[in-house]
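One structure below.
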Amino acid sequence: MSTIALAAMGPLPDGLTALVAEALRRAFALPVATLPALAEPADAYSPRRNQWLASAFLEHLLAAAPPAPFRLLGLTERDLFVPVLSFVYGQAQLEGRAAVVSLARLRPEFHGLAQDGALVERRVATEAVHEVGHTLGLVHCLDRRCPMSLSIDLTDLDRKTAEPCPGCSALVEGSSAMKRARAVAEGGRR
Ligand SMILES: [Zn+2]
Ligand SMILES: [Zn+2]
């Protein structure tokens, strides 16, 4: 059984979910599936901010996706925020089921730079590993190359890889969330 399920929330570039699925498989050695695309939560939009409320994406994902997957990751083009921050690249429930990543600010063109598809792919893979890592109980890491380190801006983000550092890999392997994740994956194979 798939332990992690990915869903596009609204339109996404072709092939992006497959690429993110592969990054998650490599990072956590768990089975990853892609769900049919979901609609965006229309009530998440804030006209005042011209942004979308991240927690509404998490709630929508939990309500709309099938209950079976152990962890759910939504991907959206929308620019996400939480009330106390000007924006977020993504949000996750720490040791919870749901996480979301926004492509909006990962795109160079958002910042007035030339489009770069390969760069966007690298960034979204890294942020997907970061947010799913939180759902598996990982907290922020001090290794600037580790996907679990905190990104304040794209300079931070571009220092990171999608491969968790040895410390985070050991932590996640020993976590109770990962033990449950492995049990879910095993259960589906019988
Ligand atoms: Zn984080
Ligand atoms: Zn780390």
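Every number in this text was worked out from the coordinates using simple rules, so none of it is lab data. Since we're looking at a predicted model, the values are computed, not measured. Backbone-built Cβ (ideal geometry, glycine too); neighbour counts: all protein chains shown.
Annotation: cysteines of the chain without a disulfide-compatible partner (Cβ-Cβ under 4.7 angstrom) are CYS168.
Note on the chain: the C-alpha convex hull projects to 10.3 nm² when averaged across all orientations. Taking a sphere under 13 Å around the Cβ of TRP52 and counting the other residues whose Cβ falls inside, with K and R at +1 and D and E at -1, yields a net charge of -1. Of the residues SER46, SER55, SER102, the one that moves most in a GNM of the chain with alpha-carbon contacts below 10 Å is SER46. Using the Cβ of LYS160 as centre and a radius below 10 Å, the other residues enclosed give a net charge of 0, where K and R count +1 and D and E count -1. In the chain, helical runs assigned H by DSSP with n ≥ 4 each contribute -39500 (n - 2.57); averaged across all residues and rounded to the nearest 500, the mean residue ellipticity at 222 nm is -12000 deg cm²/dmol. Note on the range 14-68: percent of Cα-Cα distances in each 10 Å bin, starting at 0 and stopping at the bin with the largest distance, equals 20, 35, 35, 9, 0. In terms of other Cβ atoms within 10 Å, THR17, THR3 run from fewest to most in the order THR17, THR3.
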